[in-house]
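**Student:** If you scroll down you'll find the structure; I have some questions about it.
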């Protein structure tokens, strides 16, 4: 994509000063982001990157190697003009020449060019002990932000067998028509970690608390589930997801792919969703056990299949903003702001409670309210969210929107715009900054020029009335 192309001032790697080892941590999508940041860091400190090691010790307990999950040769070749990547360290490198370093979280160029690069005077190998959130989200040179995107969306391709199975699942979903990918975060570990127990039995709530208390990595033990839910910190339940989709106007014959692990409580909690939307599909429904057998017992590889089906879906709807939700949202933005519905959980909880209490009925009023309140929460272009006001230090960086959730801003607003497109670029930036882009789209909706029931397609040229919208990547075509 043109927006990821290096600027004329971008320099390819010169002679390497040493080797960067990276041991990733977390689940699939946390590791993905960490790997891409290590690519950028290797470029900044002029290092040769050794193919990163995947996390095999976390909750996932997955024995997969890099080449089991990602296309290793493609990764190396795709980055040839950015970073030299090798599969393993040369045998002659001795242990005395290695240093283990915990890179500071959310660090900028100065930290890596000065503190980390100075280590080359004493060591030939620097091992990054952790990879998550080691690079700042903002205030980096445009070419570094573009490199992060080339690494994430072009170089870091899944292994051929995963790509092939993912495509097969997408094709089988599409045989039923346009589909929603529902990232239903209602697994046992998610509920235990978050302390969310709404709609669960006392026995189930106690089981989750026991799991949380026994996990030493989860520092917060005493959680008020009602407070968590009222603040919007809990994933929507399957029943709430069904009510939400109905209010948005999705008909009962909409095919829905469940991108999730094992749902806690199984059918006892899926009944309300299943009754409203009977066309619920999972990997296990779409493929035979023989087809899925190579990926069984490898949670990272199974998650990769869900990732592919979700990125390619007509609508992506995560019930909680976890690592996969954020990664898929960012990838879909990169591909042209494909529709991604981000539910306002805090506001929705109040509506759901009124329904349970009999103070509100499902129908036109609820539908109008939900649709209106979510007009600007469906993946359209916007600036990356900054830190929460009043936060300081690492809390300030932690509260920022992660780069990979909304890479569009870092690419689109950071120079390298062809002279012929400066007018559109400047006008779009102004509209984004002044929150008027959605207002303009609303005007076109009212005039029948733009329809939210249509999907976004960056290759389409079906809206010649607005060159600005074409430039923003919002041209539309029927799904």
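Only the coordinates and a few stated rules stand behind these numbers; no lab work does. Here the structure is a predicted model, which means the values were calculated and not measured. Glycine also receives a Cβ, built like all others from the backbone with ideal geometry; neighbour counts cover every protein chain displayed.
**Student:** Can you sort 35, 371 so the residue with the fewest Cβ neighbours within 10 Å comes first?
**Tutor:** Values: 35 23, 371 13.
Ascending Cβ contact count within 10 Å gives the list 371, 35.
**Student:** Right, another one. Please work out how much length the chain gains when fully extended from residue 268 to residue 290, using 0.36 nm per residue of separation minus the C-alpha to C-alpha distance, in nm with one decimal. Spell out each step's value before the answer.
**Tutor:** On the way: separation 22, 0.36 × 22 = 7.92 nm, distance 2.79 nm.
Length gained, residue 268 through residue 290: 5.1 nm.
**Student:** Counting other beta carbons within 10 Å of each Cβ, put 165, 190 in order, fewest first. Mind showing how you got there, number by number?
**Tutor:** Details: 165 25, 190 20.
Fewest-to-most ranking of 165, 190: 190, 165.
**Student:** Between residue 101 and residue 57, with labels modelled 7 Å along Cα→Cβ, what's the label distance in nm to one decimal, could you check?
**Tutor:** Placing both labels 7 Å along Cα→Cβ, they lie 2.1 nm apart.
**Student:** Round to the nearest 0.05 the FRET efficiency obtained for residue 9 and residue 375 when R0 = 45 Å and r is the Cβ-Cβ distance. Write down the numbers at each step before the final one.
**Tutor:** Values: r = 40 Å, r/R0 = 0.88.
Here the calculated transfer efficiency is 0.70.
**Student:** Which value in nm describes the separation of the simple spin-label points at residue 344 and residue 230, placed 7 Å from the Cα toward the beta carbon?
**Tutor:** Label-label distance for residue 344 and residue 230, simple model: 1.9 nm.
**Student:** Using a basic spin-label model with each label point 7 Å from the Cα along Cα→Cβ, how many nm lie between residue 216 and residue 167?
**Tutor:** Modelled inter-label distance: 4.6 nm.
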